[in-house]
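Colleague: Submitted below is the structure of interest, expressed as structure tokens.
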Amino acid sequence: MITSTFLNPVVDVSRIRSEIQALQPQLVAWRRGLHQRPELGFCEHLTAEFIAQKLTEWGIEYQTGVAQTGIVATIAGEQPGPVLAIRADMDALPIQEANQVPYKSQHDGKMHACGHDGHVTIALGTAYYLSQHRDFCGTAKIIFQPAEEGPGGAKPMIEAGVLKNPDVDAIVGLHLWNQLPLGTVGVRSGALMAAVETFHCTILGKGGHGAIPQQTIDSIVVGSQVVNALQTIVARNIDPIESAVVTVGEFHAGTALNVIANTARLSGTVRYFSPNYANYFSQRIEQIIAGVCQCHGAKFELDYQPLYPPVINDGAIADLVRSVAETVVESPLGVVPNCQTMGGEDMSFFLQEVPGCYFFLGSANSAKGLDFPHHHPRFDFDETALGMGVEIFVRCVEKFCRA
Ligand code: NI
């Protein structure tokens, strides 16, 4: 479904759109260049170098080396006013690209399989446009963030002071989204993406002969009961109106069919939307493991890591993005309200500090075969979305930073 007349240059002759459409070949070239040189979290050196080179070329003030490879650019409007930050993540994934395209990854085993090459491009396009049209009141701060895929660059950037001097009043960010068709934008206030927590647990039993179980503590039997008991958290402890997931994705134990395993190792992930559950799962999971182990005389070791909090959008900033998105897709139907996902994002750390809105920019085009899911070795997106992203960000700045 391509509903946007953005694709038709004769329909809208507004200054913003026509200039951004003229920029489209540049956007595609930047994105393809970035796509060919994917870099993993905190190793985005070539990416940072490219961004810095462009910002210098356009006379934009910026700071490099923020949280290692991050960059913050500041574009002041002609008049003073509020500060709107725009965040773009920069990193790629350890995936071997399977696409046969001229701009295929040249870095073996690494790929921009989540579209962050597009995010950097959209942020650059926005920076370029705003640097050429400073007739807004306030300041745009463009945050190029490393390591979204892990271990997370948002938190160290905040600690390095990116939201200060000038102080950021609100923040926006987007993810190109192949779950939505080109010409749509997913915006909602409240929870958009889930909290991500992980755990690794080792059940310490007592191994022995498979035929003499009475002398052992079978870590596989104990571990199996732990896996089952953990399912009761979502089924019986969480408010049914809320959404949550507890997945045990790994269970390793045993070496031979007639040997009772000494230890079993379980690993899993927890997802939820409500910040009310921020410390709940870690405690409840430990309680359940401890109870099951005690019942069988086993011991355990548990390593529980809360990684990213949920992505919670501010109502007023979500309204701003929604109204802008309706202008860009030229139809309220193109703005999709119900677009939550249990995926996680460290944009959440920025949203804990300042009000903001993270949103999804539809980028799939099944007619062109551009609809593989994110993190797939054949992921690619419709580059028409690049210009739409720039237009949304530019219009957000012009609307937020208005006298
Ligand atoms: Ni991503």
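Colleague: Per 10 Å bin from zero, what fraction in whole % of the C-alpha pairs of the chain is there, up to the bin with the longest pair?
Modeller: Bins of 10 Å from zero give 5, 21, 28, 22, 12, 7, 3, 1, 0 percent of pairs.
Colleague: Now for a different question. Testing the spin-label approximation: label points 7 Å from Cα along Cα→Cβ at residue 327 and residue 239. State their distance in nm.
Modeller: Output for this residue pair reads 3.6 nm.
Colleague: I need 23, 130 ordered by Cβ neighbour count within 10 Å, fewest first.
Modeller: Going from sparsest to densest Cβ surroundings: 23, 130.
Colleague: Using Cα-Cα distances under 8 Å and only pairs 6 or more residues apart, what relative contact order does the chain have, in percent?
Modeller: 24
Colleague: With a 10 Å radius around each residue's Cβ, average the other Cβ atoms per peptide and rank 320-331, 227-238, highest first.
Modeller: 320-331, 227-238
Colleague: How much FRET efficiency would the formula 1/(1 + (r/R0)^6) give for residue 290 and residue 18, where r is the Cβ-Cβ distance and R0 is 60 Å, rounded to 0.05?
Modeller: 0.40
Colleague: Indicate, rounded to the nearest 5 percent, the antiparallel portion of the DSSP beta bridges found entirely in the chain.
Modeller: 70
Colleague: What do the square roots of 5 times the Cα gyration tensor eigenvalues come to for the range 195-308, in whole Å, largest first, as semi-axes of the equivalent ellipsoid?
Modeller: 29, 13, 11
Colleague: Please find, in a Gaussian network model of the chain (springs between Cα atoms separated by less than 10 Å), the residue of 95, 143, 212 whose mean-square fluctuation is greatest.
Modeller: 212
Colleague: Another question, then. By how many nm would the segment from residue 304 to residue 63 lengthen if fully extended, with 0.36 nm per residue of separation less the alpha-carbon distance?
Modeller: Gain on extension, residue 304 to residue 63, equals 83.2 nm.
Colleague: Can you tell me the length gained on complete extension of the stretch residue 278 to residue 257, counting 0.36 nm per residue apart and subtracting the Cα distance?
Modeller: The residue 278-residue 257 span can extend by a further 3.5 nm.
Colleague: Can you grab the distance from the C-alpha centre of the range 157-203 to the C-alpha centre of the range 245-259, Å, no decimals?
Modeller: That distance is 33 Å.
Colleague: When the C-alpha atoms of the range 246-403 are aligned to their principal axes, what extent does each axis show, in angstrom, from largest down?
Modeller: 70, 39, 21
Colleague: How far, in nm, would the chain grow between residue 32 and residue 376 when pulled straight, counting 0.36 nm per residue and subtracting the alpha carbon separation?
Modeller: So the extension gain works out to 122.1 nm.
Colleague: Quick one: Cα centre-to-centre distance for the range 76-120 and the range 350-403, in angstrom?
Modeller: After rounding, the separation between the Cα centres reads 11 Å.
Colleague: For a protection proxy built on the mean count of beta-carbon atoms within 10 angstrom, sort 162-173, 390-401, 215-226 highest first, please.
Modeller: Top to bottom by mean Cβ count within 10 Å: 390-401, 215-226, 162-173.
Colleague: Here is a further query. Which value in deg cm²/dmol, rounded to the nearest 500, describes the helix-derived mean residue ellipticity at 222 nm for the chain, given -39,500 (n - 2.57) per DSSP H run of n ≥ 4 and division by the residue count?
Modeller: -10500 deg cm²/dmol
Colleague: I'm a student and want to see the number: the projected area of the Cα convex hull of the range 183-260, averaged over all directions, in nm².
Modeller: That works out to 8.7 nm².
Colleague: May I pose another question? Set the Förster distance to 41 Å, then compute FRET efficiency between residue 220 and residue 100 from the Cβ-Cβ distance, nearest 0.05.
Modeller: FRET efficiency, residue 220 to residue 100: 0.35.
Colleague: Non-local amide H neighbours of residue 361 (under 5 Å, H modeled in plane, Pro and chain starts lacking H): which ones?
Modeller: For residue 361, the qualifying residues are 175, 176, 177, 186.
Values quoted throughout were computed directly from the atomic coordinates according to the rules given, and no laboratory measurement underlies them. Not measured: the values here are computed from a predicted model. Cβ coordinates were reconstructed from backbone atoms using ideal geometry, including for glycine residues, and neighbour counts include every protein chain displayed.
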